[in-house]
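Below is one structure, written out as structure tokens; the observations come after it.
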Amino acid sequence: MIKSRPILILITILLISLISSCVLSRLLTVKKQLMGFDKNFKLYNDNGLYLEFLEPVMTKGDTLWFLKIEPYDISNNNGFDIWTYILKKGNKTTNPGKIKDNYDITLTLYFQKNKLVKVRLPEKVSKEIKDEFFKRLLISLAGADINKFKRELSAILRYSNDNYIPNKSNIESIIGKPGKKSKNGKDYFFNYPYLLICKDELGSDCDPTDISIDLAYSGNSHLLKIASLKLRSIKLEIDLKSTK
């Protein structure tokens, strides 16, 4: 038994590496699809903001690999397997019940034949942030750098017209006031703590996951300048740069 333990560990490591490589391969496929956004995706409003994958490649397993947490609710409607995730304002050291529920964000994922075909954000998001910003944001991810060892993805969104860039007021109408402020170089970052709420296999509430959202804004305009999101060991950062 003792001699076989190193072999089992090695097999486990190889399986994890294989799964990670498969997920990364599909992620790179989506990244390539973003270069031809209008051909591969559909972005529209219908009592909420929808992103539809016209050539879906990501799977339920990929979602669980990224989020490391089961959905809060699972249902089936009109041929879709629907996974619902709830993001609640607060963190594990703060009682989320003290914060108004209107800062909760519901993320809805639609699957068909195990493939992710649609993602929905609530209507309050689309009321404050223009569709054009989300489209430009997604297209910027086509040129993103991926560091698979650090599990980081970073991208630059360049713009000449700031009409669709959200400002601090737009964002805080959705996610409320920041929990704390810190300085990094010349930029002040505002932290908005969230919890990803989940249920266990028996349907009871399980230990939620902290999500760190850090945002920096530009000078007097308070336009979004840097957006960083960290969930467990995965980090996504977008740097917005004006070309004026």
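A few points about this structure:
- Full-stretch length increase - Leu28, Arg158 - with 0.36 nm per residue and alpha-carbon distance subtracted: 44.7 nm
- Ordering of 179-185, 44-50, 27-33 by packing [mean C-beta count within 10 Å, highest first]: 27-33, 44-50, 179-185
- Net charge over other residues, Cβ less than 13 angstrom from the Cβ of Asp62 (K, R count +1; D, E count -1): +4
- Whole-percent carbon and sulfur share, accessible surface of the stretch 125-195, 1.4 Å: 47 percent
- Ignoring lysines fewer than eight residues from Lys60 along the same chain, the ones with Cα atoms less than 16 angstrom from its Cα are Lys68, Lys113, Lys115, Lys118.
- Three-way shape label, the stretch 46-174, alpha-carbon gyration tensor, a/c 1.5: rounded
- Local electrostatic count at Pro178 - Lys and Arg +1, Asp and Glu -1, tallied over other residues with Cβ under 10 Å: +2
- Sites Lys180 and Glu132, calculated FRET efficiency, Cβ-Cβ separation with R0 41 Å, nearest 0.05: 0.85
The values are calculated or read from the model by the stated rules, or taken from the named source; none is laboratory data. Quantities reported herein were computed from a predicted structural model and do not represent experimental measurements. Here Cβ is always computed from backbone atoms with ideal geometry, including for glycine, and neighbour counts include all displayed protein chains. Side chains are part of the model used for accessible areas, which takes the heavy atoms of the whole protein and leaves out ligands, DNA and RNA. Shrake-Rupley method; radii C 1.70, N 1.55, O 1.52, S 1.80 Å.
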